[in-house]
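**Q** My questions will all concern the structure given below.
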Amino acid sequence: MLLGFKTELKINKQQKLLLAQHAGVARHAWNQGLALCEQVLIHNRTNPDDKIKFPTAIDLHKWLVAAVKSTHPWYYEVSKCAPQYALRHLSDAFKSFFKKVKGFPNFKKKGRHDSFTLDGTIHIDHKKVRVPIIGWLKTYELLPFGYKPKSVTISKQADRWFISWKIEVETSSSTSLTNHQNLKKQEFVGVDLGINHLAILSTGEIFDGAKSYKKYESKLGRMQYLNRHKKVGSNNYRKAKIQIARLHRKISNIRKDTLHKITTYISKNHAVIGIEDLNVSGMLANSKLSKAIADMGFYEFRRQLEYKTRLYASKLVIVDRFYPSSKTCSNCGEKKSSLLLSQRRFQCDNCGFECDRDLNAAINLSQEAARLVVLACGLDSADTSRWKQEEKADNC
């Protein structure tokens, strides 16, 4: 299994300048290739009888060497891999656009998401890594020794540079559900995501979100307000932009740290995890709740669970988004016709069962995940009843 590793670089002024040159060349190659692709699309649209083949990554690189590098000698001051990978990423972006997975690629601007990729002879030592052209780059922490990555990506966040690559990690051997029961604290668990609390488990455990943006929203707004009249491009403007970027990075790091701790705990201690397939993009369309939903990081929560369950020999079950987990009684299975968002306590009209709304949804997700796993594995009804009895006993 491939996992990404990312760490901060400890570099001097000369290395910062060299990294910025590489990022600038990669950005220039991306913008030049994007401009050419736009011309091809416009030509094919206006001249349907005389269409031109859409350029691939190889075609873009040949055109760059012939037309762009000859007029820009500073291309030869950096590694040839920086513009090559930029055009590869551009080609992948257009493939995603044609498949209607992502939107149309945008032009890159200096200082925003600066990054580049290098390959070749890469050596990793205890606290330093050697990359082509640039040489040895020191880090603040020990690096995973014994790995030889084929390529590395160097990116910039605010005023700091980071390096990342992929490492091969051995996952735990896949075992049956019975073996999972002996290895994990809880066999089946349902996870309900919400705004008041980030995650509520069917076991009754509650995990609060970081809400880092809400905490620093006033400070961020104040910094952006004071920067409104500064002259664009001046030293004071650049200093203020760096301070704002640092605060954005701090907000993001706090949110990621909280999500990593919660998802690691859930993946390590539960064999089968049931989670709802939330329509996050649709939820963000709600103007009143979009800020709170984005601050929680629902998509990142699911993304981390997807690879951590494979890493810790667990199983993630995605329950259909139309499954009425909040409206269904977890005790008798009776379904309500309607349930307002303001009703935080679930009360069944059939059996009189009453509990917290989110906890009831988490229990339903756990039961639905157990049902889906049983159907997939083809287990008998005796095992199903045993798991339900153990789950009800744990919930009590």
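The values are calculated or read from the model by the stated rules, or taken from the named source; none is laboratory data. Bear in mind the structure is a predicted one, so any value in this text is a computation, not a measurement. No Cβ is skipped: glycine too gets one built from the backbone with ideal geometry, and neighbour counts run over all protein chains shown.
**Q** Where residues in the range 119-140 are touching a Lys or Arg at 6+ places or on another chain (Cβ under 7 Å) and outside any strand (DSSP E or B), which of them is surrounded by the most Cβ atoms within 10 Å (Cβ to Cβ)?
**A** Here the answer is 122.
Yes/no matrix, rows are residues, columns are (1) assigned by TED's automatic domain parsing to the domain that holds residue 39; (2) of a type outside the set (A, V, I, L, M); (3) touching a residue at least 60 places away in the same chain (Cβ under 8 Å); (4) in contact with a helix residue (DSSP H, G or I) (Cβ under 6 Å, 6 or more places away or on another chain):
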site: 57; (1), (2), (3), (4): yes, no, no, yes
site: 69; (1), (2), (3), (4): yes, yes, no, yes
site: 82; (1), (2), (3), (4): yes, no, yes, yes
site: 88; (1), (2), (3), (4): yes, yes, no, yes
site: 100; (1), (2), (3), (4): yes, yes, no, no
site: 105; (1), (2), (3), (4): yes, yes, yes, yes
site: 110; (1), (2), (3), (4): yes, yes, yes, no
site: 114; (1), (2), (3), (4): yes, yes, yes, yes
site: 122; (1), (2), (3), (4): yes, no, no, no
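**Q** Let me ask you something else. Can you say whether residue 256 is among the charged types (D, E, K, R), within 30 Å of residue 312 (Cβ to Cβ), touching a residue at least 12 places away in the same chain (Cβ under 8 Å) and buried (at least 17 other Cβ atoms within 10 Å of the Cβ), as far as the supplied structure shows?
**A** Taking the combined requirement at face value, the residue does not satisfy it.
**Q** Can you pull out the residues in the range 42-64 that are surrounded by 11 or more Cβ atoms within 10 Å (Cβ to Cβ), of a type outside the set (Lys, Arg) and more than 25 Å from residue 122 (Cα to Cα)?
**A** 43, 44, 52, 54, 55, 56, 59, 60, 63, 64
**Q** Separate question: Given 66, 20, 93, which one is of a type in the set (A, V, I, L, M, F, W, C) and over 27 Å from the mean Cα position of the chain (by Cα)?
**A** So the residue among 66, 20, 93 that is of a type in the set (A, V, I, L, M, F, W, C) and over 27 Å from the mean Cα position of the chain (by Cα) is 66.
**Q** Name, by its number, the condition in (1) in the same structural domain as residue 308 (by TED's automatic domain parsing); (2) more than 25 Å from the chain's Cα centre (by Cα) that does not hold for residue 269.
**A** The failed condition is (2).
**Q** Go through (1) over 30 Å from residue 308 (Cα atoms); (2) surrounded by 11 or more Cβ atoms within 10 Å (Cβ to Cβ); (3) small (Gly, Ala, Ser) and name the single condition residue 70 misses.
**A** The one condition residue 70 does not meet is (2).
**Q** Being under 23 Å from the mean Cα position of the chain (by Cα), over 21 Å from residue 166 (Cβ atoms) and outside any loop (DSSP other than H, G, I, E, B) is the requirement here; does residue 116 meet it?
**A** No.
**Q** For the condition within 21 Å of residue 154 (Cβ to Cβ) and either outside any helix (DSSP H, G or I) or out of contact with any Leu (no Cβ under 8 Å at 6 or more places or on another chain) (or both), what is the one hit in 26, 35?
**A** It is 26.
**Q** Any residue in the range 148-166 that is modelled with pLDDT under 80 and exposed (fewer than 14 other Cβ atoms within 10 Å of the Cβ)?
**A** no
**Q** Only residues that are part of a loop (DSSP other than H, G, I, E, B) and surrounded by fewer than 17 Cβ atoms within 10 Å (Cβ to Cβ): list them for the range 301-329, please.
**A** Matches in the range 301-329: 320, 321, 322, 323, 324.
**Q** Further, regarding this structure: Mind checking which residues of the range 271-295 are touching a residue at least 24 places away in the same chain (Cβ under 8 Å) and touching a Leu at 6+ places or on another chain (Cβ under 8 Å)?
**A** Hits for the range 271-295 are 271, 272, 273, 274, 275, 276, 278, 293, 294.
**Q** Could you tell me which numbered condition residue 240 fails, if it satisfies all but one of (1) loosely packed, with under 15 Cβ neighbours inside 10 Å; (2) part of a helix (DSSP H, G or I)?
**A** So residue 240 meets the others, but not (1).
**Q** Turning to a different aspect of this structure: For the range 216-230, which residues satisfy the criterion of being under 26 Å from the mean Cα position of the chain (by Cα) and surrounded by 14 or more Cβ atoms within 10 Å (Cβ to Cβ)?
**A** 216, 217, 220
**Q** Got a sec? Which of 281, 338 is at pLDDT below 95, out of contact with any helix residue (DSSP H, G or I) (no Cβ under 8 Å at 6 or more places or on another chain) and either within 26 Å of residue 101 (Cβ to Cβ) or among the aromatic types (Phe, Trp, Tyr) (or both)?
**A** After applying the criteria, what remains is 281.
**Q** Are there any pairs, at least 6 apart or on different chains, whose C-beta atoms fall under 6 Å, with the first in the range 195-216 and farther than 17 Å from residue 274 by Cβ and the second small (Gly, Ala, Ser), and if so, which?
**A** Every condition considered, the pairs that remain are 195/292.
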